[in-house]
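For reference, the structure is listed below as structure tokens.
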DNA sequence: TTGCTTTCCGTAAACGCTTTCCGGCCAGTA
DNA sequence: TACTGGCCGGAAAGCGTTTACGGAAAGCAA
């Protein structure tokens, strides 16, 4: 017998039994009213609805989920820095993740799902993510949250979408951004338009597929166009952060070796660090060295010099990820699996081009990410 | 008899019964191992753990939650604009919400909770938020998500924390930012330091307690100091957005009426819109009109002119909100209820002061939000 | 050996809901 | 009046856990 099946007013939060009693029907009827199943007389429905309102009844999620087997929850795991180690620019760089979350949340809502968030601090490969599997119908995992092997394992247990990971064919569904196209466009622009030949590539963490892909695509394209990229052993490598790129660049500057004509970075925050280091050393970008980024975080537009970069549709990444996952969960036959979203070269001042507009101009009516990056 | 109680290998995801059978124990024992309850022989524990590993068993969240009555989930409801109506700056303005989410997520994790996200589009007051109640142990509601009355109602059903709302004593626990202190500091600075006397206040939506509080605090302080603020009927009111403030200011400019010496805005995005409109009209801030904001979104620092504003600890707001909510859920006797977090005046160029640094300078080592805003 | 405690583990009853199966009621027809 | 369908609503079986409750085994003193 259920907790409140006895007599009188139940103590805690009302259950479906309380509603049934109040409306003088069975719990089955209440459930049918709530889920609009089967045949119901209008009068009965109203009576039940009335009782629901009077008792402020809200169905217990877990019970409902357990019974129906459907949780209507999507898990999203992402990387975040330890709380106390976040500088102002680090925070800016989180914009990428934030945008993904936003896109995912919106799409999830559209499909009737909720978003369950789990931040993972890098290196802490506990089973947090695995536990998500039990709480959600499916899981979206951002790049670098899990080693590839564990992704494959997880994908066997639960619908899983890997976001912004390497494009390698895997057990999981991949949704990512066209790194190659973006880097090729940058290489093309720098070589063909500006006539540069000697480049350096500032990489993120070595473990990151995104960084690796970008570096390879860039290097290959530059070589194809007759330029050269300093070998990565020269120390052009950092950790995705502004501070890291700053230090790397400063060290390189003080080594006295000649600088390349352009420094191409795997992310915007790193590009900002490079610009900072150059400025501290009395060099000016783009006059002395050109610099480019990748992401197009909002600050990129407002920096001085404004940053030439590759825009990636971060928010769309989230929403498309959810779409793919829902397709997987609900087993839609025509659902697209792997998706590659387009990137777009954004030419501003840091490569040596004239700044397209004064900072802040063209501020209004720039449209949303989604429509801009199609 | 449970689904997989029959013979042979079960079909779907493994349940606790499968583990029990594999380890040759009862389900109670498995549960005990998983939750480290009661007495267990080491040998038995290992056998169970072994089976768990072999089957890749992950406990079913809902079942666990239903049984124990504890969901270990915190719901977070926030306002967001419709997906297709988001301009680039709107997106920047979401930084506030993003920061709150980040802080909340981190704190939630620290307490062993997950964060369930629900975005609410303004005006759409369906029962989305109510449904959260059934899925979470408690709910954090950001300002403007619900009318005050519904907040009070909800608070009766479920532990609830109201974030950044009006400070009015209510049924719910309030965590908010010291709007009054911030606005008083701005008023003080503009009157005492710059000698301004004639002000306008650009309000957000009228329905917003945050906007109202800021306006009242500012107006009162200015009057106390001998200045005056144009009555709000003069049309200095917008909708929190950059575009809205832009239009309002443009209209006012074209009306030909004399401008105030300073326009104080209830948010940074609106301040940017005002600056934009001034610039379009050939006026220069701060030379012709001073402008200030509220929030200190990252762009504020990099804008031209850099924005004098009030910094609020957004991320901390999220984490403190979670702390308060967990206190409520777990009924900690010594948990603090209402909390007011301090704000901080950030003086930059848009009020007429010399820009503290060139844009981008002092970029590194600025510390995290949390520690900066203590 | 007996009798008690201390460990260890299995049985079974919830938890609150969804859903299937079935039994009744009512109108319509012969 | 008796019978057939179409509708409606109740009883009950799970969903996969946790958690009393109690029984068996093991240890120890008498």
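State which residue is surrounded by the fewest Cβ atoms within 10 Å (Cβ to Cβ) when the search covers only region A:237-253 and only residues that are closer than 13 Å to residue A:289 by Cβ and away from chain B (no Cβ under 13 Å). Steps first, please.
Step one: list which residues in region A:237-253 are closer than 13 Å to residue A:289 by Cβ, which gives A:249, A:252-253.
When the remaining residues are screened for being away from chain B (no Cβ under 13 Å), the result is A:252-253.
On the way: A:252: 22, A:253: 17.
Among those residues, the one meeting the criterion is A:253.
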Residue in region A:146-161 that is within 16 Å of DNA strand D (Cβ to nearest atom), at pLDDT 90 or above and in a strand (DSSP E or B) present: no
Okay, helices (runs of 4 or more DSSP H) sitting entirely in region B:39-136 with 1 or more residues that are within 16 Å of DNA strand C (Cβ to nearest atom), modelled with pLDDT of 90 or more and farther than 29 Å from residue B:265 by Cβ, I get B:42-55, B:61-68, B:128-135
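Just checking, which of B:340, B:347 is more than 12 Å from chain A (Cβ to nearest Cβ), in contact with a helix residue (DSSP H, G or I) (Cβ under 8 Å, 6 or more places away or on another chain) and at pLDDT 80 or above? Spell out the reasoning first.
Numbers: B:340 fails: in contact with a helix residue (DSSP H, G or I) (Cβ under 8 Å, 6 or more places away or on another chain).
Exactly one of B:340, B:347 is more than 12 Å from chain A (Cβ to nearest Cβ), in contact with a helix residue (DSSP H, G or I) (Cβ under 8 Å, 6 or more places away or on another chain) and at pLDDT 80 or above, namely B:347.
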The condition from (1) touching a helix residue (DSSP H, G or I) at 6+ places or on another chain (Cβ under 7 Å); (2) surrounded by fewer than 18 Cβ atoms within 10 Å (Cβ to Cβ); (3) more than 8 Å from every other protein chain (Cβ to nearest Cβ); (4) closer than 20 Å to residue A:70 by Cα that residue B:49 misses is numbered (4)
Please indicate, with yes or no, whether at least one residue in region A:67-82 is under 30 Å from the mean Cα position of the chain (by Cα), buried (at least 19 other Cβ atoms within 10 Å of the Cβ), within 11 Å of DNA strand D (Cβ to nearest atom) and within 30 Å of residue A:162 (Cα to Cα). no
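The values are calculated or read from the model by the stated rules, or taken from the named source; none is laboratory data. Here the structure is a predicted model, which is why all the values come from computation and not from measurement. Glycine gets a Cβ as well: all are built from the backbone with ideal geometry, and neighbour counts include every protein chain shown.
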